[in-house]
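Visitor: This structure is in structure tokens; I'll ask about it shortly.
The values are calculated or read from the model by the stated rules, or taken from the named source; none is laboratory data. Worth saying up front: this structure is predicted, and the values here are computed from it rather than measured. Neighbour counts are summed over all protein chains in view; Cβ atoms, including those assigned to glycine, are modelled from backbone coordinates with ideal geometry. Surface areas here come from the heavy atoms of the whole protein model, side chains and all, with no ligands, DNA or RNA. Shrake-Rupley method; radii C 1.70, N 1.55, O 1.52, S 1.80 Å.
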Amino acid sequence: MQRHGYGGTPALRYRYRVAGCVLLAVHLLVVGWLALRPLTAPWVTAAHLEPLATIRADLALGPWEAARTIGGGVLPFAPLGVLLPWAGGRIAVSPLGSLTRTVFTCAMLSLALQVVQSGVAGQVLDVDGLLLNLSGVTLAHLAVVPAVRARLRRRSDGDPTRPLRREEAPKGLTPTIPRVGIAP
């Protein structure tokens, strides 16, 4: 039987996946609501399509303001780096494949959110927002997911509910049929 879960009973593995899916849905709803709120601004700049231009402008404002604005771009999507693999529920996967799937999925979600957000009053399309979202997802995924999966694999490999095989004692010679000769 192939094992795809977190160890334990199938009901427990199912609960883990359902919890991951619920947390993922709640997080996406909160991020979507926060990103699509209209901002009151007397004027709106054009779309920022030059990579790293907004980040350079934020760094020019000083360290505290830069940390606040860059952190505001990194943190909202960072939990998706953990929640997407958790909702997937697989522990025996390639770390590079998992990272690639997670980052690609978050890139598409962030791009869709940026495009929809550009239609809201006071919001503009920003390529640096997309880059910051992806860096948050990548950092969270690399910091948490491989270690947690390794721990879960170790726990499921040493599962105490499975009986261990003992070596059987030899019971004598293997019976042979005298009419069959040995192959050359």
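Visitor: Could you run through region 120-176 and say how many residues are open to solvent by less than 100 Å² (accessible area, probe 1.4 Å), out of contact with any Asp or Glu (no Cβ under 8 Å at 6 or more places or on another chain), more than 20 Å from residue 92 (Cβ to Cβ) and at pLDDT 80 or above?
Guide: Going through region 120-176 one residue at a time, the tally reaches 18.
Visitor: Name the residue that is nearest to residue 132 (Cα to Cα), counting only residues in region 40-51 that are open to solvent by less than 90 Å² (accessible area, probe 1.4 Å) and in a loop (DSSP other than H, G, I, E, B).
Guide: Ranking the candidates gives 51 first.
Visitor: Show the residue pairs meeting these rules: Cβ distance below 7 Å; 6+ apart or different chains; first residue within region 99-115 and touching a residue at least 60 places away in the same chain (Cβ under 8 Å); second residue in a helix (DSSP H, G or I).
Guide: Filtered contacts from region 99-115: 113/32; 113/35.
Visitor: Can you say whether residue 82 is in contact with a Cys (Cβ under 6 Å, 6 or more places away or on another chain), modelled with pLDDT of 90 or more and on the phi < 0 side of the Ramachandran plot, as far as the supplied structure shows?
Guide: no
Visitor: Checking the conditions here, which among 62, 7 is loosely packed, with under 12 Cβ neighbours inside 10 Å, at pLDDT below 95 and of a type in the set (Gly, Ala, Ser)?
Guide: It is 62.
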